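Below is one structure; the comments refer to it alone.
None of the figures in this text is laboratory data; all of them are computed from the coordinates on show. This is a predicted model, so every value here is computed, not measured. Methodologically, a virtual Cβ is constructed for each residue, glycine included, from the backbone with ideal geometry; neighbour enumeration extends over all protein chains shown.
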C-alpha cells in the first residue's frame, strides 16, 4: 500500500476510550494484530468547510514502517450548542441506519437479480467498518478512500460535464434500486415513508437558527437582482422569494406517491469523492454522508447537485444531457432489477416532477452557493455559529458572512445564473 504516513503530534488518540476500544477491535478483525504489534498515527481527516455536523480523523495503522490499514473516523462535535442546532444525534442515527441496514439491503437485492455489485451495480458507496449510535458517543468508522486514489473536489472550483455525469449515473442506480425494492418488497423500505426532513425539522423549531440563517442567505440572493435590467424577471424572483425559504422548500419536497423514494438528500460536492485518470478526468465517484436522507421525488437529488454545483455556462451546454443520462440509466437499471420503469417512473412523470419540484434546486443553491464561492478562511466556525444562536437566537452579520469583497463578484454571477435558469426552465 503506497501512501504517505501522516504524523501529527497534536493528535495522540481519539477523544474517548470507547472510540479507541472500537478502533482496536476493527484493527484486530481486519489485520489480526494485537495492540503491541503496530503503531497508530492520527491526523485531521478534513479541512475547514468540508464537514458541518461531525469531526473527522484519519487513522493510519503502521507495522514495519508500512501502512497496513487507513481509516476515516467521523465523530460528533462536543459543543452542546452545535449538537442541538444541527441535530447531530439524529444525523448519526440516520447515517448508521444507511450503512447497517439500507445499503446491505441494496446489495442483497441487486445480487438477487444477478448483478455483481462490485463491477456493475451500486458500488459507489464507501465501506463502513463500524457504527456507534449511543448518545453522546456516536461514531462512524470508514475505509479511507484516499488510499484508493479518491480525492475531495475543491468546492470553490466549477464542476465539469464529466463530474456531473458520473454522479448522475450513480444516483440513477441508487434511485432505481429503491424504486424496485419498493415495487417488489415494499415492506422492506416502508419505514422510510415517514422520515422527517432535516432542514424542515431545524426550521420548525421555536426561534430556529436554521430559519434565521436561511433568511440571511435568501436576502443575499435577492441582492444580486441589482445586476439585472429585466424588470419582469426581477419582479418574478422577488415574488417567489417573498415567502420564507423553508416554505419554498416544503413545496419542493412535497411527497407525490407512488413516485417518492428515499433520496441521498445532501448531494453536493463536499459529499462526493472522485478518482481521476492520468488526464485528470473523473472515472469513478463515491457518495458520502448519508445523514439527511430525504423521502421525496428523485428529482430533488438532481436539482441539489446541478444547481448548487454548476455554472450557467455549463448548464447552457449540458443541462438536458445531464437529465437524459440520468433518466436513461435509471430506466435501464430498473429493468435489470426486473421491474418496469414505465410503471415506476415514466418520462412524463419525470418531466412533470422537474416543473413541480425543480424549485428545490433554488433553495439549496441559495443556502450552499455562498459556501462554494468563499475561501476557507471566510467560512465561520460552526461552534461559534451555534453558540451565538444559542445565546442570542440571532446570528450577527459577521458570524454568518460567507462571502468577502474578494469573492462577492463570483457569488453574484453564479447566483444570477441560477435565478435566470429557474425562470427559463419554468421551475418558478
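Please report the spacing between the Cα centers of the stretch 58-83 and the stretch 248-264 in Å, no decimals.
When both Cα centres are located, 35 Å separates them.
Beyond 23 Å, what percent of the Cα pairs of the stretch 144-239 remain?
65 percent
Percent of Cα-Cα pairs per 5 Å bin, from 0 to the last occupied bin, for the stretch 46-179, please list those.
Final binned percentages: 2, 8, 14, 17, 18, 19, 13, 6, 2, 0.
Just rank 285, 116, fewest to most, by other beta-carbon atoms within 10 angstrom.
Least to most surrounded, the residues fall as 116, 285.
Run the helix sum for the chain: -39,500 (n - 2.57) per DSSP H stretch of 4+ residues, divided by residue count, reported at 222 nm to the nearest 500 deg cm²/dmol.
So the helix-based figure for the chain works out to -14500 deg cm²/dmol.
Would you mind ranking 144, 29 so that the residue whose beta carbon has the fewest other beta carbons within 10 Å leads the list?
Ascending Cβ contact count within 10 Å gives the list 29, 144.
From a point 7 Å beyond the Cα of residue 420 in the direction of its Cβ, which residues of the stretch 220-262 have a backbone N at a distance under 11 Å?
Residues 228-230 fall inside that zone.
When the chain is fully extended, how far beyond the present Cα-Cα distance does residue 134 get from residue 185, taking 0.36 nm per residue of separation?
That works out to 15.3 nm of additional length.
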